[in-house]
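Undergrad: Next up is a structure, given as structure tokens.
The values are calculated or read from the model by the stated rules, or taken from the named source; none is laboratory data. Just so we're clear, the structure is a prediction, and the values are computed from it rather than from any experiment. When we count neighbours, we look across all protein chains shown, and the Cβ atoms used for this are built from the backbone with ideal geometry, even at glycine.
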Amino acid sequence: MPLPRSVLHHAEAIDPTLAAWIRHKIDDILGLEPVTIVAILGVVILAFPVWLGASAVRQRRRAESEAHSAESLDVPQS
Amino acid sequence: MTAQPNDSGERFYGWYVVGALFFAMFLVVGTRQGFGVFVETWEEEWGVSVGAISAAASIGWLLNGISQPFYGRLADRIGGRPVVLVSMTVMGFAFIAMAFVNNVWMLALLYGVIISWAAGGISPSMTGIFVVRWFQRQRGTAMSLLISGGSVGGLVLIPFLTYLFLATNWQTAWVVAGVLTLVLGVPLLWGIVRSDPSDMGLHPDGDSDELMSERAASGVDAVPVGPLDAARWQDSYHSAPMWQLSTAYVVCGITTASVAVHFVRWAASEDISPGTAALAFGLLSGINAASVLFVGAVSDRMQRKTLLGAMYLIRALAFLALIALPGQAALWTFAIVGGVSWLATVPLTTSLTADVYGLRHIGMLGGLTLMVHQLGGALAVVLFGFAFDVWGSYDIPFAVGAVTLVGAGLISLTIRERHVSARYAPVVRARPDLDAAPAGGSG
């Protein structure tokens with residue numbers, strides 16, 4: 001069965017013809033060394049999870065801090 | 001991301017959950033699609049045919065589909081978080097192990113069985129379980145963002161793996177994919193994703209405690225259950241919407257898998273070069289990425305079944321174009337018209353299933369619908385090939401595809417959404433059993 005040739009719905013393998021076409025187009029347009037493209041795309045890949053993780057941690061800390069402040073205010077004054 | 005700040009100026013935490021799952025889909029779908037980049041190298045290096053390598057991927061296609069109900073049932077019982085964490089970890093190690101494959105049998109075992117089975121734990125239906133628990137009013141928007149993770153993964157990771165392969169070798173490319181999965185993907189899921197908003201003392205959509213109390217006081221379930229919520233998942237099949245959604249989704253599988261696999265061959269039969277056909281399919285994928293985001297957001301503002309039906313009918317037009325128009329015109333019309341509907345059915349089907357049947361068995365029900373989608377697609381690929389061998393043309397299979405799509409569109413449009421969806425018919429009743437219902441584990 002010729003499945004991996006070009007099953008692009010959901011998560012299956014890309015058509016090798018399309019992959020080769022994309023590569024040639026990128027080469028034509030950018031004309032960069034493979035290592036340079038790997039480095040650029042590597043930064044793009046790293047940036048999102050780092051930003052997301054940092055944002056989530058910051059929000060959690062702020063929420064915990066606010067909850068802590070609210071608890072302090074709820075303590076009855078003697 | 002369309003994360004909207006809540007009253008206190010903070011983003012709802014559910015958007016971070018969507019972000020982490022988006023990245024998981026990005027890695028898993030992007031890397032699995034990257035398989036195609038290495039086919040010709042393996043063919044030369046191992047001295048095997050494309051057909052043999054294809055068989056390994058075919059096994060993977062089927063196992064990935066069959067795994068869906070298994071993961072769905074597991075997520076319904078223990079929560080989605082452990083399922084995605086274990087799946088992601090297995091995928092990471094398996095990607096690294098791909099570097100040591102040196103024959104097609106190992107490829108079949110590692111990619112066809114282990115990776116494809118583990119990928120079932122990061123599928124649209126599995127990750128969608130989180131979205132339907134964290135979101136109610138913006139379910140369609142969140143689902144479409146999640147699904148777009150796969151499209152973006154293909155867009156970024158395929159060139160990344162290709163150039164890494166050119167700069168080094170294919171083994172290094174797989175090791176790097178595995179390391180990215182283990183070092184970035186797993187910690188992100190571990191640190192951010194929780195199975196249910198209640199695990200963090202939150203409510204769906206970021207609603208306040210006061211609002212939830214008001215809803216409970218007015219008799220409406222604080223966490224809406226589906227109007228057709230059933231005690232056992234099997235009972236869901238005693239109602240029409242489950243059959244309507246599943247039947248239409250089988251047609252979705254049939255028409256996407258068959259065209260994706262046979263597109264280049266069809267193009268050759270029309271004297272169109274493989275490169276042009278591949279370019280048209282690339283255009284289809286690009287249009288699809290934009291379409292899925294648009295359709296998901298719009299579906300939160302109107303009946304989802306209307307959009308779902310429209311997507312199938314639009315795809316039917318694309319199939320008719322393949323028969324009625326001459327070669328090049330058919331190619332580009334199909335790419336543009338078909339691209340609008342290609343993946344847009346996924347967020348609509350998942351969201352509608354949750355709207356109608358609630359969250360209790362959403363893992364199992366979502367898994368079953370995706371399984372029939374995959375199996376229908378696998379069968380259609382074989383039958384389309386058989387039909388071409390017999391008749392020397394794809395006209396008859398494409399006509400059958402168009403007819404089934406019209407049927408799927410009409411079936412979708414006949415779903416009585418205003419009567420069976422929690423969005424239009426909120427369940428008003430005392431539900432003392434609600435607390436006892438499984439809520440997806442403690443995460």
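Undergrad: Please state which one of B:Gly327, B:Gly296 is surrounded by fewer than 23 Cβ atoms within 10 Å (Cβ to Cβ) and either touching a residue at least 12 places away in the same chain (Cβ under 8 Å) or within 11 Å of chain A (Cβ to nearest Cβ) (or both).
TA: On the way: B:Gly296 fails: surrounded by fewer than 23 Cβ atoms within 10 Å (Cβ to Cβ).
Only one candidate qualifies: B:Gly327.
Undergrad: Starting from residues that are of a type in the set (Ser, Thr, Tyr) and at pLDDT below 90, keep the ones in segment B:234-263 and report whichever is farthest from B:Ser421 (Cα to Cα). Steps first, answer last, please.
TA: At the first step, the residues of segment B:234-263 found to be of a type in the set (Ser, Thr, Tyr) are B:236-237, B:239, B:246-247, B:249, B:255-256, B:258.
Those still in the list that are at pLDDT below 90 too: B:256, B:258.
Values: B:Thr256: 27, B:Ser258: 32 Å.
Selected residue: B:Ser258.
Undergrad: With the requirement that a residue be in a helix (DSSP H, G or I), modelled with pLDDT of 95 or more, within 25 Å of B:Gln138 (Cβ to Cβ) and β-branched (Val, Ile, Thr), what does segment B:390-438 give you?
TA: Selection gives nothing.
Undergrad: If a residue counts only when it is surrounded by fewer than 23 Cβ atoms within 10 Å (Cβ to Cβ), which helices (runs of 4 or more DSSP H) contained entirely in segment B:57-145 have at least 3 such residues?
TA: On the way: elements: B:80-97, B:104-107, B:116-119, B:124-134.
Per the criteria, B:80-97, B:104-107.
Undergrad: Does B:Ser246 satisfy the criteria of being touching a Gly at 6+ places or on another chain (Cβ under 8 Å) and touching a residue at least 40 places away in the same chain (Cβ under 8 Å)?
TA: Working: touching a Gly at 6+ places or on another chain (Cβ under 8 Å): no; touching a residue at least 40 places away in the same chain (Cβ under 8 Å): yes.
So B:Ser246 does not fit the description; no.
Undergrad: Next question. If you scan segment B:271-290, which residues turn out to be touching a residue at least 40 places away in the same chain (Cβ under 8 Å), of a type in the set (Gly, Ala, Ser) and closer than 12 Å to B:Ala335 by Cβ?
TA: Filtering segment B:271-290 down to residues touching a residue at least 40 places away in the same chain (Cβ under 8 Å) leaves B:271-272, B:276-277, B:280-281, B:283-289.
Still in the list and also of a type in the set (Gly, Ala, Ser): B:277, B:280, B:285-286, B:289.
Within segment B:271-290, B:Ala277, B:Ala280, B:Ser285, B:Gly286 qualify.
Undergrad: Can I ask one more? Here are some residues: B:Ala290, B:Ala248, B:Ala267. Which one is in contact with a helix residue (DSSP H, G or I) (Cβ under 6 Å, 6 or more places away or on another chain) and either among the β-branched types (Val, Ile, Thr) or away from every other protein chain (no Cβ under 11 Å) (or both)?
TA: Working: B:Ala290 fails: in contact with a helix residue (DSSP H, G or I) (Cβ under 6 Å, 6 or more places away or on another chain); B:Ala267 fails: either among the β-branched types (Val, Ile, Thr) or away from every other protein chain (no Cβ under 11 Å) (or both).
After ruling out the rest, the residue left standing is B:Ala248.
Undergrad: Can you tell me which condition B:Arg232 does not meet? The list is (1) under 30 Å from B:Leu410 (Cα atoms); (2) crowded, with 19+ Cβ neighbours inside 10 Å, and all the others hold.
TA: Of the numbered conditions (1) under 30 Å from B:Leu410 (Cα atoms); (2) crowded, with 19+ Cβ neighbours inside 10 Å, the odd one out for B:Arg232 is (2).
Undergrad: Could you look through segment A:22-35, keep only residues that are at the interface with chain B (Cβ under 7 Å from one of its Cβ atoms) and either modelled with pLDDT of 75 or more or at positive phi (or both), and pick out the one that is surrounded by the most Cβ atoms within 10 Å (Cβ to Cβ)?
TA: Keep residues of segment A:22-35 that are at the interface with chain B (Cβ under 7 Å from one of its Cβ atoms), which gives A:22-23, A:26, A:34-35.
Add one more test, that the residue is either modelled with pLDDT of 75 or more or at positive phi (or both), and what stays is A:23, A:26, A:34-35.
Values: A:Arg23: 19, A:Ile26: 16, A:Pro34: 17, A:Val35: 13.
If we take residues in segment A:22-35 being at the interface with chain B (Cβ under 7 Å from one of its Cβ atoms) and either modelled with pLDDT of 75 or more or at positive phi (or both), then A:Arg23 is surrounded by the most Cβ atoms within 10 Å (Cβ to Cβ).
Undergrad: Please go through segment B:172-188 and pick out each residue that is farther than 18 Å from A:Ala19 by Cβ and either more than 10 Å from chain A (Cβ to nearest Cβ) or surrounded by fewer than 18 Cβ atoms within 10 Å (Cβ to Cβ) (or both). Show your work before the answer.
TA: The initial filter retains those residues of segment B:172-188 that are farther than 18 Å from A:Ala19 by Cβ, namely B:175, B:178-188.
B:Val175, B:Gly178, B:Val179, B:Thr181, B:Leu182, B:Val183, B:Val186, B:Pro187, listed by residue number.
Undergrad: Looking at B:Val225 and the list (1) closer than 23 Å to B:Thr369 by Cβ; (2) β-branched (Val, Ile, Thr); (3) within 18 Å of the chain's Cα centre (by Cα), which single condition is not satisfied?
TA: Here B:Val225 meets the rest and fails (3).
Undergrad: Only one of (1) under 19 Å from B:Ala316 (Cα atoms); (2) buried (at least 23 other Cβ atoms within 10 Å of the Cβ); (3) modelled with pLDDT of 90 or more fails for B:Leu365. Which number is that?
TA: Every listed condition holds for B:Leu365 apart from (1).
Undergrad: If you go through segment B:308-324, how many residues are without any contact (Cβ under 8 Å) to a residue 24 or more places away in the chain and touching a Gly at 6+ places or on another chain (Cβ under 7 Å)?
TA: Count: 1.
Undergrad: How many residues, within segment B:189-202, are small (Gly, Ala, Ser), crowded, with 16+ Cβ neighbours inside 10 Å and assigned to a loop (DSSP other than H, G, I, E, B)? Spell out the reasoning first.
TA: Here is the first cut: in segment B:189-202, the residues small (Gly, Ala, Ser) are B:191, B:195, B:198, B:201.
Narrowing the set further to residues that are crowded, with 16+ Cβ neighbours inside 10 Å leaves B:195, B:198.
Retained after the next criterion (residues that are assigned to a loop (DSSP other than H, G, I, E, B)): B:195.
Summing the residues that are small (Gly, Ala, Ser), crowded, with 16+ Cβ neighbours inside 10 Å and assigned to a loop (DSSP other than H, G, I, E, B) in segment B:189-202 gives 1.
Undergrad: Condition first: over 22 Å from B:Leu107 (Cα atoms), of a type outside the set (A, V, I, L, M) and more than 7 Å from chain A (Cβ to nearest Cβ). Now tell me which residues in segment B:14-48 satisfy that.
TA: Listed by number, the residues that qualify are B:Gly14, B:Trp15, B:Phe22, B:Phe26.
Undergrad: Go through segment B:56-87 residue by residue and tally those that are at the interface with chain A (Cβ under 10 Å from one of its Cβ atoms), hydrophobic (A, V, I, L, M, F, W, C) and touching a Gly at 6+ places or on another chain (Cβ under 8 Å).
TA: Residues meeting the conditions: 4.
Undergrad: So if I check each of B:Leu320, B:Leu359, B:Leu325, B:Leu307, which one is over 15 Å from the mean Cα position of the chain (by Cα) and modelled with pLDDT under 90? Lay out the reasoning, then the answer.
TA: Working: B:Leu320 fails: modelled with pLDDT under 90; B:Leu325 fails: modelled with pLDDT under 90; B:Leu307 fails: modelled with pLDDT under 90.
Of B:Leu320, B:Leu359, B:Leu325, B:Leu307, the one residue that is over 15 Å from the mean Cα position of the chain (by Cα) and modelled with pLDDT under 90 is B:Leu359.
Undergrad: Checking the structure you have, find out if any residue of segment B:30-52 is closer than 23 Å to A:Gly42 by Cβ, among the aliphatic types (A, V, I, L, M) and touching a helix residue (DSSP H, G or I) at 6+ places or on another chain (Cβ under 9 Å).
TA: There is at least one residue in segment B:30-52 that is closer than 23 Å to A:Gly42 by Cβ, among the aliphatic types (A, V, I, L, M) and touching a helix residue (DSSP H, G or I) at 6+ places or on another chain (Cβ under 9 Å).
Undergrad: Filter segment B:409-424 for residues that are among the hydrophobic types (A, V, I, L, M, F, W, C) and under 23 Å from the mean Cα position of the chain (by Cα) and give the result. First the steps, then the outcome.
TA: Initial filter on segment B:409-424 (among the hydrophobic types (A, V, I, L, M, F, W, C)): B:410-411, B:413, B:415, B:420, B:422.
Of everything in segment B:409-424, those that are among the hydrophobic types (A, V, I, L, M, F, W, C) and under 23 Å from the mean Cα position of the chain (by Cα) turn out to be B:Leu410, B:Ile411, B:Leu413, B:Ile415, B:Ala422.
Undergrad: Can you name the condition, by its number, that A:Val43 falls short on among (1) within 9 Å of another protein chain (Cβ to nearest Cβ); (2) at pLDDT 75 or above?
TA: With respect to (1) within 9 Å of another protein chain (Cβ to nearest Cβ); (2) at pLDDT 75 or above, A:Val43 is out only on (1).
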